[in-house]
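What follows draws every value from the coordinates through simple rules; no lab data is involved. On a predicted model such as this, the values are computed, not experimentally measured, just so you know. Here the Cβ is made from the backbone with ideal geometry for all residues, glycine too, and neighbour counts use every protein chain on show.
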Amino acid sequence: MTQFKVAMVDYDYASLDALRDEVVKLGGEFAHHRCKDVDEAIRRFGDADGWIVQYLNPIGEKVFSSCKRLKVVGRTGIGYDVIDVPAATRHNVVVCNVPSYCEDEVSDHAMALLLSCVRRTVRYTNSVKGGAWDWKVGAPIPRLRGMTLGLMGFGKIPRALAPKAGAFGLNVIACDPYLKPEAARKEGVEPVTFDALLARSDFISIHCPLNHETRGLFGKEAFGKMKKTAILLNTARGGVVDAAALADALRSGAIGGAGLDVMPQEPPAVDDALLKCDNLVITPHVGWYSEGSIVNLQANIARYVAEVCVGKKPGAVVNPEVLEKVKLS
């Protein structure tokens, strides 16, 4: 007889084997369904001890009030903005994420977007496929070496990106209000203010979480302070950028271009103004992905959730103040 039940309440993975294996290993039952909304998840899995969520939201007061046995909610990712953490904390529900699993993948993807934007690879590809063979369709292309990459945030992913950018001859600066200047300098990165980041960067790569401080941080005012040739890169959270303001900036020439892996609404509407911008390179929130990262992600979050279910402290927790109340060993 199983000790507990963990449910994967929404997902788009082809296989859930790594998740199931970790839950079963600790004596639990693993259930799953692609629930279309929170109400369906509550109906199907209201008896579960743990939930694992990928995209479904909001995981908030309604869930915690309805699911009386729920001890823990895990998010398959670094970000956890789909979960109302204060509500979870009020109900003594532990929230887990996976803070470390795809630093190389996302930093590689940010660099790939930067290079695609600078070297105009998409424009050239479309031109050649259309029957042309003309190097001038992508002009002008600047020399990369000696230009400046600005990092908004300096956590694990931008710390992985910095040396990769350095290998291409880029100077790297970073803005992070929680960053100790000596920590940045130790890694060869110059700490700067937000205004300095906007003014000095040829490329700005966003790597900060989405919260009340960062939502819409890159909007009309910020674009007005950037170089007209600057390129904005976002592999973090779509809501950090005001999408309408970015579309206006790209169309008007206020900035030079953008490379996005995330959008405020995913997938974006087919008539989204950004998708009509020729100076945009966009990918479908794939920066985190490699076959290896999926296995690491699934195994880690399933293990953390199962650990809480059997009374152990999880390997990663977003609201540690709950641990004392639920008395995990």
Other residues with Cβ under 15 Å from the Cβ of Ser329 give, with Lys and Arg +1 and Asp and Glu -1, a net charge of +3
Site Arg119, offset 7 angstrom along Cα→Cβ, radius 19 Å on amide nitrogen, limited to the range 232-248, gives 232-234
In order over the range 310-315: 3J(HN,Hα) from phi, Karplus 6.51/-1.76/1.60, θ = phi - 60°, whole Hz, x for each Gly or Pro, gives 9, x, 9, 5, x, x
Under the Karplus relation with 6.51, -1.76 and 1.60 and θ = phi - 60°, whole-Hz ³J(HN,Hα) for the range 277-294, x at Gly and Pro, equal 7, 5, 9, 10, 10, 9, 10, x, 6, 10, x, 6, 7, 8, 4, x, 5, 4
For the pair Arg185 and Glu40, the simple spin-label estimate (label points 7 Å beyond Cα toward Cβ) gives in nm 5.5 nm
Per GNM of the chain with C-alpha springs under 10 angstrom, the most fluctuating residue out of Gly131, Gly74, Gly259 is Gly131
Among chymotrypsin sites (Phe, Trp or Tyr not before Pro) in the range 164-202, those in a DSSP loop whose Cβ has at most 15 other Cβ atoms within 10 Å are Phe168, Tyr178
Here the net charge surrounding His109, from other residues whose Cβ is less than 13 Å away from its Cβ (Lys, Arg +1; Asp, Glu -1), is -4
Ranked on Cβ counts within 10 Å of their own Cβ, fewest leading, Trp51, Trp135 go Trp135, Trp51
Between the residues Pro314, Gly188, Leu198, the Cα farthest towards the positive end of the dipole of the chain, that dipole coming from +1 and -1 charges on the beta-carbon of Lys, Arg, Asp and Glu, is from Gly188
Of the candidate values (i) 1.09; (ii) 1.73; (iii) 1.17, the one computed for Cα Rg over 2.2 N^0.38 Å from this structure is (i)
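If you add up the charges near Asn279, with Lys and Arg at +1 and Asp and Glu at -1, over every other residue whose beta carbon is less than 10 angstrom from its beta carbon, what do you get? Intermediate results must be reported in sequence, preceding the final value.
Details: positive: Arg120, Arg123, Arg251; negative: Asp278.
Local charge sum for Asn279: +2.
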Residue-normalised 222 nm signal for the chain, counting each DSSP H run of n ≥ 4 as -39,500 (n - 2.57), nearest 500 deg cm²/dmol, is -10500 deg cm²/dmol
Counting sequence-distant residues (5 or more places) and residues on other chains, those with an amide H built under 5 Å from that of Ala31 are Val6, Ala7, Met8
So, with points 7 Å from each Cα along the Cβ direction, the Ser290-Ile141 label distance in nm works out to 2.6 nm
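Between Leu323 and Ala196, what length comes free when the chain is fully extended (0.36 nm per residue of separation minus the Cα-Cα distance, one decimal in nm)?
Roughly 41.7 nm would be gained on extension.
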Here, trypsin sites (Lys or Arg not before Pro) of the range 145-192 satisfying both criteria (DSSP loop; at most 11 other Cβ within 10 Å) are Arg145
Toy charge model, Lys and Arg Cβ at +1, Asp and Glu Cβ at -1: the range 103-282 dipole around Cα centroid in debye, rounded to 20, equals 640 debye
When Leu19, Leu56 are ranked with the fewest other C-beta atoms within 10 Å first, the list becomes Leu56, Leu19
Residue span Asp47 to His33: 0.36 nm per residue of separation minus Cα-Cα distance leaves a gain in nm of 3.6 nm
Sequence order, the range 159-174: Karplus ³J(HN,Hα) from phi using 6.51 cos²θ - 1.76 cosθ + 1.60, θ = phi - 60°, Hz rounded, Gly and Pro as x, gives 5, 6, 6, 3, x, 5, 5, x, 5, 8, x, 7, 7, 10, 10, 8
Most exposed to least, judged by fewest other Cβ atoms within 10 Å, Met147, Met111, Met152 sort to Met147, Met111, Met152
In nm, the gap between the two label points placed 7 Å beyond Cα toward Cβ at Lys225 and Lys313 is 4.0 nm
